[in-house]
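Nothing in this text is a laboratory measurement; each read-out follows from the coordinates by a stated rule. Since the structure is predicted, the reported quantities are computational estimates derived from the model, not experimental observations. Cβ placement follows ideal geometry from the backbone for every residue including glycine, while neighbour counts extend to all protein chains displayed.
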Amino acid sequence: MDVLKGQEGFDAFYSAMYSERWPALKAALLAPKKHVAVANPYAHHKFTEVPLTVSGLTFDHDVRDIFPSPEKNHHDYMNYYLMDAASILPVEALDIQPGEKVVDLCAAPGGKSFLCALKLQGKGLLISNDRSAARRARIHRIFDDYIPKTEQKNLTVTSYDATKWSLYQKSMYDKVLLDAPCSSERHVLEDSKELALWAPGRTKAIAITQFAMLASALDIVKVGGTIVYSTCALSKLENDDIIAKLYQKRPGRFELMRKEFSFGEPTEFGWQVLPDTTGWGPFYLAVVKRLR
Ligand SMILES: C[S@@+](CC[C@H](N)C(=O)[O-])C[C@H]1O[C@@H](n2cnc3c(N)ncnc32)[C@H](O)[C@@H]1O
């Protein structure tokens, strides 16, 4: 049988995965993206005309304004960071406490690292890692635009390959965020060239890398520590199937911590936010606690 590729293959693949939900899901993926604004506690410059929906990391998810770009005054810091509301959930799920050692394995451009840094309140350690030099520059820019230098002493940016990290360190971190590279179907749908090149082998190949990263994360987090695995993928191969594989390949070494949020839906192993029902996402996360 011929493997369907390009737009036709994409539709057939996701329609088989999401069945009667796919047409509404596809329409929602093509709708303009919405943002929440995460208020920057370090900024003195506030915009009174902007109805901020975020205070610290809690936000009113019913308000979906499209905000103007963040700004700063001379010598000040950006007043807020714009992101998809679902992107806040993995950091909430990590439950970072000031003083903990945290690694964000795939950190660029850096929105979630910024949230992790706020949670640490200048105490402990945050390593924001990304293999791409160009994207690492964006992490530095966000830190410098949002956080005073005096409050950056516990922040480090590194350039390691997340799939190989456990060759060099073991049992080091209280919390590990693995916001993995993924199929990003929303971007594929928006880009006709990308869509024309799509083939089902792509999600299968990415899933192999994602599993290698998660296996590495399980070795570098401390016993009793927490990993949040997340993607913006729709493909189940990159979401619940990665956790299923961890059960197969690392039995007894972890347990799942089930979390519920005010928007989105449970999956077999994690939580998923899909735009047809929530207006946010797509986003998937699962919370893994290392047992041994
Ligand atoms: C989904 S993005 C991360 C988004 C980021 N967490 C944020 O919230 O801004 C995935 C990132 O993984 C990085 N990446 C891909 N392969 C990697 C690897 N083997 N090791 C480390 N980083 C990698 C990419 O450069 C990309 O920036």
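Data table
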item	result
222 nm mean residue ellipticity, helices alone, for the chain (DSSP H n ≥ 4; -39,500 (n - 2.57); rounded to 500)	-10000 deg cm²/dmol
R0 of 35 Å, Cβ-Cβ distance residue 44-residue 95: FRET efficiency to nearest 0.05	0.75
Cα lying deepest toward the dipole's positive end in the chain, options 142, 227, 114, charges on Cβ	227
Whole-number percent relative contact order across the range 86-290, with pairs defined as alpha carbons under 8 Å at least 6 apart	21 percent
Reach of residue 112 by Cα under 12 Å, taken over aspartates and glutamates that are not fewer than 8 positions away in the same chain	84, 92, 104, 179
Test item: Cα-centred dipole of the range 76-232, Lys/Arg +1 and Asp/Glu -1 on Cβ, debye	460 debye
Interchain or long-range residues, amide H under 5 Å from residue 101's placed H	125, 174, 175
Computed E for residue 152/residue 209 - FRET, C-beta separation, R0 45 angstrom, nearest 0.05	0.90
In Hz, Karplus ³J(HN,Hα) per residue of the range 85-91 (6.51, -1.76, 1.60; θ = phi - 60°; x = Gly, Pro)	4, 5, 5, 6, 4, x, 6
Share of Cα-Cα pairs in the chain lying beyond 30 Å, as whole percent	31 percent
Value of relative contact order over the range 191-292, rounded to a whole percent, pairs C-alpha under 8 Å and six or more apart	33 percent
DSSP H segments from the chain that extend 27 Å or more along their own axis, Cα-based, with Kyte-Doolittle mean of 0.5 or above	201-220
Cβ-derived FRET efficiency at R0 35 Å, residue 258 paired with residue 27, nearest 0.05	0.70
Low-density loop positions, GluC sites (Glu not before Pro), the range 220-271 - DSSP coil, at most 11 other Cβ in 10 Å	260
Distance in nm between pseudo-label sites at residue 121 and residue 169 (7 Å out along the Cβ direction from Cα)	2.4 nm
Relative contact order [Cα under 8 Å, 6+ residues apart], the range 94-202, whole percent	32 percent
Additional length obtainable on full extension of the chain from residue 194 to residue 133, 0.36 nm per residue less Cα span	19.7 nm
Cα-centre dipole for the chain with unit charges at Cβ (Lys and Arg positive, Asp and Glu negative), debye to 20	1200 debye
